[in-house]
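The values are calculated or read from the model by the stated rules, or taken from the named source; none is laboratory data. Since the model is a prediction, treat every value here as computed from it, not as a measurement. Methodologically, a virtual Cβ is constructed for each residue, glycine included, from the backbone with ideal geometry; neighbour enumeration extends over all protein chains shown. These accessible areas exclude ligands, DNA and RNA; they are computed on the full protein's heavy atoms, side chains included. Shrake-Rupley method; radii C 1.70, N 1.55, O 1.52, S 1.80 Å.
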Amino acid sequence: MNNKDIKETRILEKTLDSLEIRRQAPTGVFILLLLLYFAAALTVSLTAGSQKEILINNTPVSVYIFAGIFSTISNLCVIFMVIFCGKTGFITSVIAIIIQIPTILTGIFIKGNYSSIPGLFVSLLTIIAIIVIFCNKRKLEKYQLKLLEQATTDTLTGLPNGFACTELLNELIKHNKPFAAVSIDINDFKSINDTMGFDIGNKVLVAVASRMKDIADRGLSGTLDFVSRVNGDEFSLIIRDFKSDEDIEKTIKQYEASIVDKINIDGYDFFINASFGYAVFPDDSTVRDSLISYSVTAMKEAKRINSSERILRFTSELKTENHLAIDNKVRKALEDDNVFFNLQPQYDISHNLRGFEALARLTDIDGTVISPGEFIPAAERVGLIDSLDLAVYNKSAAFFGDLIRKTKAPITLSINVSVKHMMKSNFIEEIRGLLKNNQIPADQLEIEITESILIESAEKASDILNELKSMGIRIAIDDFGTGYSSLSYLNSFPSDTLKIDKSFIDNMNSSDSSQKYVEAIISLAHVMDFKVVAEGVEETGQLDTLRSINCDYIQGFIWGRPLSKEDAEQLVVDIYPG
Ligand code: C2E
Ligand code: CA
Ligand code: CA
């Protein structure tokens, strides 16, 4: 491993460590338990075997019964130390109990104090109990660590994944270290997949990844580079240690050259090229999401102009052009009441209807459909996300309320919420109104929140979720796997359902480790009493695998695309004629 690799690994390790530490009790709790333990143990040694009596309510009580009470307290302290204070707690507990044993043995065999025999047994049993607790905890933590490791690596190429990239960006921004965020997209990659098949397509991606990794690892560019695979044929490059803007372009050109070089796979020659867009911290923005979105905008512009210039830096004109157009479309659609919804069915694994997820839809004036991936961020940007969410909630809930009254179908309506909307002070009231106005039983409504939102706004989110939960509403964690994948951390949120992101389902049947990952998520989720929905299931093979690893629910094109409300109604009426 070279120096750079070591640096990156450390950053990731630090992230994993901080997640671990977050789950452990603070040192203060450990010290408190330890002090309490010593105080209790001291009281036991002073009172055990004592013949004295004290008066309680005028009744004489033998002092030695306090030995029993304080011995229980000291045992509880060691058990809590094992549960809440990790390895340190475990080692301290074992030592604390073992050093007691010689004193007890001396008491029994030398001083003939036979009343300490039960104490000896309790000590031995406590040691056994804490070893069992510790081993079980370790097993769960091992699973967890593996999940975290896998959460930072792309299974196909072995490069760090989007999550690892975001983590590095966060670190650099936090420490105010200048960098360029480069978004890379292979041109016409779809045609390779379409004409040559996924297998070859994947091999091309692996070859591209390994060429880029080679430049970064060997430091050939003269700058410090971090390459990751973000999604499909999209890669990301983070460039540090540059002296001028020319250095950045020089580095990117080197990566470009490595990609355009002929790639030979299974006897076929491929000549590919890619588009590059970049934004610089802190010059272009100091906000992570803006930097990413700017580099993607610049990359798309490079692709769009389709000239020989395939490397573009983000400019403010690009931002204005791109954003203004879509921002206005969202404003206009809300004004004209043109936001509507589709309903995508969710099924249990035996193909019984579980319910629908409401998905926002918006059509342009010329009839073309704009993807939520574009208009949701725009609505967030211009502060209209709550109006947009509400339009979808009101319309879908009115429809759903009528439908369940008519058919008595025991199905669920799932709605998506954006963090910016959820954090508004009247969110809970809106939801209360939604249930009441449309007469929907609370347990037939589910609110989907993306995993990354939960982690970023943990405390406030947790309060709101608790309130929703107390109303009887179900909570689903959306896009699971794309954030921290920290199941035990998520356990502190009052959720019912885990939705595994499509990207994991996609890779499941081509990669053994992906399948094991999904399997591990499902079994851990079940331990924590979550139901699991697999998202984006498209193939029978995936369905078979999910069935064999006990997945609860399926949402995907294989059993149902997002439907118009008329089609959704027909689907329900066919099953529940009323
Ligand atoms: P999501 O919540 O993860 O929704 C699932 C997305 O995956 C939907 O895309 C759905 O059409 C798509 N999908 C489901 N099954 C398959 C499959 O088998 N194959 C493929 N290729 N795709 C599948 P859509 O409708 O484009 O929504 C994108 C995202 O926009 C949603 O992701 C959600 O995060 C957001 N969104 C949608 N509606 C709303 C809304 O009303 N409010 C808010 N705040 N966000 C919304
Ligand atoms: Ca969703
Ligand atoms: Ca999702």
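Below, the figures for the structure above:
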{"quantity": "All lysines inside 16 Å of Lys406 as judged from Cα atoms, apart from same-chain residues fewer than 8 positions distant", "calculated": "Lys565"}
{"quantity": "Fraction of accessible area attributable to carbon and sulfur, the stretch 487-536 (%, probe 1.4 Å)", "calculated": "45"}
{"quantity": "Carbon plus sulfur fraction of accessible area for the stretch 183-226, probe 1.4 Å, in percent", "calculated": "53"}
{"quantity": "Long pairs among Lys177/Lys243; Lys190/Lys303; Lys395/Lys499, criterion Cα-Cα beyond 22 Å", "calculated": "Lys395/Lys499"}
{"quantity": "Additional length obtainable on full extension of the chain from Ile365 to Ile56, 0.36 nm per residue less Cα span", "calculated": "102.7 nm"}
{"quantity": "Accessible surface, per residue, of the chain when the full set of protein chains is kept, probe 1.4 Å, Å²", "calculated": "49"}
{"quantity": "Normalised contact order of the chain, rounded percent, pairs of Cα under 8 Å and 6 or more residues apart", "calculated": "10"}
{"quantity": "FRET efficiency, Lys332 to Asn394 (Cβ-Cβ, R0 22 Å, nearest 0.05)", "calculated": "0.70"}
{"quantity": "Chain lengthening between Val573 and Ile558 when straightened (0.36 nm per residue, less Cα-Cα)", "calculated": "3.3 nm"}
{"quantity": "Angle in degrees between helix 565-575 and the longest Cα principal axis of the chain, rounded to the nearest 10", "calculated": "50"}
{"quantity": "Euclidean distance between Cα centres, the stretch 30-46 to the stretch 361-393, Å", "calculated": "61"}
{"quantity": "Whole-percent carbon and sulfur share, accessible surface of the stretch 328-478, 1.4 Å", "calculated": "50"}
{"quantity": "Estimated FRET transfer efficiency when R0 is 51 angstrom, pair Glu317-Lys406 (beta carbons, to 0.05)", "calculated": "0.45"}
{"quantity": "Charged-residue dipole, Cβ positions (Lys, Arg, Asp, Glu), the chain about Cα centre, Debye nearest 20", "calculated": "2260"}
{"quantity": "10 Å Cβ shell holding at most 15 others, DSSP loop, GluC sites (Glu not before Pro): longest site-free stretch of the chain", "calculated": "1-308"}
